[in-house]
Amino acid sequence: MAKKPHKFHSLLHSADILEKRLATLLTPVGITTPQARILSVLNRTGEVSQTVLTERFDVTSGSMSTMIDRLLKLGMIDRRKNPEDRRGDLISITDQGTAVLNEVRDVWQDIDEMIAEKLGPKNAALLAELTRELKFALGGRVPGRDLPQPSDQTTKRRKTHET
């Protein structure tokens, strides 16, 4: 008796293809997908501890340190000692980081439009809804969504894409 094909393989394969296209489109911007997600969270939440970022992104502290160091070197974020915990650092997005994030959002929009072009607008919307539902059903979350948000008086931030 032949086994039925595993249905999730198409989802994984599609995700791999999209990830590679996204990486290619982000190359001229000079940023990786995980770094773009960090900028997006910092833009949404304001200053946050590096430890919290590590936990929310579910990566090792070494991986987060590497990404933070690269973003610092590129001038996209600032880091300062946490006055409440001198062993920890607080991370925030810079104006340059915000400008790069705007370019990233353009790339994200291009990916959304490509999906809509390939599937049609209704199916693309349905895909987005179902993958979001699956993400949360599997225990996923939007990094930074549960963190305190900066006041609207501090800065107006564009919230068009979740990470």
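Quick rundown of the values:
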| item | result |
| --- | --- |
| Candidates T98, T24, T45: whichever shows maximal mean-square fluctuation once the chain is modelled as a Gaussian network with Cα springs under 10 Å | T24 |
| Accessible area per residue, Å², the chain with all protein chains present, probe 1.4 Å | 66 |
| Listed residues M76, M64, M114, most fluctuating in the chain (Gaussian network, C-alpha, under 10 Å) | M114 |
| Estimated D of the stretch 70-124 in µm² per second, where Rh is the Kirkwood radius over Cα pairs and Stokes-Einstein applies at 10 °C, 1.306 mPa s | 116 |
| Solvent-accessible ranking of F57, F136, largest area first, probe 1.4 Å | F136, F57 |
| Nearest 10 degrees, 0 to 90: helix 121-137 Cα axis against the chain principal axis | 60 |
| Where only C-alpha atoms are counted, convex hull volume of the chain per residue in Å³ | 153 |
| Most mobile listed residue (S14, S49, S63) in the chain, GNM with C-alpha springs under 10 Å | S14 |
| Filter on K81/K135; K20/K135; K20/K118; K20/K81; K73/K118; K3/K118 - keep pairs with C-alpha separation over 26 Å | K81/K135; K20/K81; K73/K118; K3/K118 |
| Helical mean residue ellipticity (222 nm; -39500 (n - 2.57) per DSSP H run of 4+; nearest 500) of the chain | -19500 deg cm²/dmol |
| In degrees, nearest ten, helix 33-45 long axis to first principal axis of the chain (Cα) | 60 |
| On Cα atoms only, tilt of 95-119 relative to the major axis of the chain in degrees | 10 |
| Protein accessible area in the chain, 1.4 Å probe - carbon and sulfur % | 55 |
| Residue among I31, H13, L53 farthest towards the positive dipole end of the stretch 1-62, charges placed on Cβ | H13 |
| Assigned charges on the beta-carbon of Lys, Arg, Asp, Glu; the stretch 36-83 dipole about Cα centre (debye) | 120 |
| Note, ³J(HN,Hα) from phi for the stretch 19-26, Karplus 6.51, -1.76, 1.60, rounded to Hz, x at Gly and Pro | 4, 5, 5, 4, 4, 5, 5, 7 |
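The values are calculated or read from the model by the stated rules, or taken from the named source; none is laboratory data. Not measured: the values here are computed from a predicted model. A quick note on method: Cβ atoms are made from the backbone with ideal geometry, for glycine too, and the neighbour counts reach across all protein chains shown. All accessible areas refer to the heavy atoms of the entire protein, side chains included, with ligands and DNA or RNA removed. Shrake-Rupley method; radii C 1.70, N 1.55, O 1.52, S 1.80 Å.
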